[in-house]
Structures are given as structure tokens and as C-alpha cells.
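The structure appears below as C-alpha cells.
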Amino acid sequence: LDRAQHNARELLALMGAALELSRHEGRGMPLVLEPVSVALLVDDLAREVAALPPVPGVDFRWSVGPSPPPLLTDALKLRMILKNLIDNGLRHARGGDGGRIRIAVRRVGPNVFIEVQDNGCGIPAEKLSALRGSIASRAFAPTDGGGLGLAIASKVIADHGGTLTVDSALGTGTRCVIELQLC
């Protein structure tokens, strides 16, 4: 039953990502820009994650530096991207033996960096290379069986004038960094 439930959730997530992809490729998804406090957005996400059933052995660490000024962003889309990155971390975290997901927000000059890092299984070098090519070209070309959410996230962040960087190594985890400009 656990395996069936896990597979059903993964299929539902894949279908949702495919629908999101078709919306972006078709007519595009207009951004609804408004001033958004990143600290409040991350705080809301932390409360939401804390309310989920705990994943045994996975520890969340939240770190928000001094509250940066608001971002001019589409809060719903940014929240969706962060939830996707956190979900990716949860799916690949080392449950039971010190799994860790770290979400950090920091300001550097006129930019805000939002980082989601896990210490899970990581992405194989060939898949990471293909994914980086997809992100760099802003083309939706996920690696076989994965990367669709990251490709969509990259497109949405690019529409905001920002960047998404993904670093990973097998056995050490994945680090995704969103860089956005302040208002």
C-alpha cells in the first residue's frame, strides 16, 4: 500500500508538471507581480511543512538572514517553485540516516538568494549536464524521468528576470539556488 500510494503521488506530481508545461508552451502564464516579503513567504512554507506528516530521519533547517526589502514577484509562482524544490529534496532525502533539507534566504547587494539544499542521492553527472543545458537554453527538455519541475521553475524564474542554478553530485545531494533582484 505504501508503494502504491508513493507511485500515485509521483504520477499526480508528473501530471501536474505536464499541465504546467503545456500552459507555459501554449499561451504563457502571465506573472502577477506584487511586493512580497520573502521572509514571510518562507515562514509560511516552514509552517506548512511542519504541519505535514514527518518523514522519519529527515531534518529541516530554515535560515532567513536579516529581512530583505520586498521582492516584486508573483508570490503564487515563487511559492510553487519553492514547494517543488522542497518536495524534490524530500523525495530524495536520506530518510532514517541523517537526511537534511536546508532552506536559506540571504541578501547580497541588490539581489536575494533563496537556496534549497538536500543531502540526498544527488543527480548523476550526465542527467545534470542535460538539465543544465535545458536550464541554460530555457527549453523544456527534462532528462528521462525527471527534471520537468526544474525546467519549469527555471522558465518562471527567468520570466522574473532571475536565475536558477542547480548543483549536484551522486551521494552528496542537490543544491538549487534562485537569484532574484530586489525592487
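Hey, could you check region 99-118 for residues that are in contact (Cβ under 8 Å) with a residue 12 or more places away in the chain and open to solvent by 50 Å² or more (accessible area, probe 1.4 Å) and say which is farthest from residue 35 (Cα to Cα)? Step through it out loud before you land on a result.
Taking region 99-118 first, the residues in contact (Cβ under 8 Å) with a residue 12 or more places away in the chain are 99-107, 110-118.
Narrowing the set further to residues that are open to solvent by 50 Å² or more (accessible area, probe 1.4 Å) leaves 100, 102, 106-107, 110, 117.
On the way: 100: 31, 102: 25, 106: 17, 107: 16, 110: 15, 117: 26 Å.
Filtering first and then ranking leaves 100.
What is the residue count in region 165-182 for residues that are open to solvent by less than 50 Å² (accessible area, probe 1.4 Å) and within 12 Å of residue 78 (Cα to Cα)?
2
Would you mind stating whether residue 129 is under 16 Å from residue 168 (Cβ atoms) and modelled with pLDDT under 85? Can you show your working first?
On the way: under 16 Å from residue 168 (Cβ atoms): yes; modelled with pLDDT under 85: yes.
Criteria met by residue 129.
Which of the residues spanning region 81-94 are hydrophobic (A, V, I, L, M, F, W, C) and outside any helix (DSSP H, G or I)?
93
Filter region 167-183 down to residues that are within 20 Å of residue 58 (Cβ to Cβ), among the hydrophobic types (A, V, I, L, M, F, W, C) and at pLDDT 90 or above, then give me how many there are.
1
Under 9 Å between Cβ atoms, at least 6 apart or on separate chains: pull out the pairs that start in region 49-74 with a residue that is free of Cβ contacts under 8 Å to residues at least 60 places away in the same chain and end on any residue that is open to solvent by 80 Å² or more (accessible area, probe 1.4 Å) and acidic (Asp, Glu).
If the second residue must be open to solvent by 80 Å² or more (accessible area, probe 1.4 Å) and acidic (Asp, Glu), the pairs left are 57/97.
The values are calculated or read from the model by the stated rules, or taken from the named source; none is laboratory data. Keep in mind it's a predicted model, so treat the numbers as computed, not measured. A quick note on method: Cβ atoms are made from the backbone with ideal geometry, for glycine too, and the neighbour counts reach across all protein chains shown. Keep in mind that these areas ignore ligands, DNA and RNA; they rest on the heavy atoms of the full protein, side chains included. Shrake-Rupley method; radii C 1.70, N 1.55, O 1.52, S 1.80 Å.
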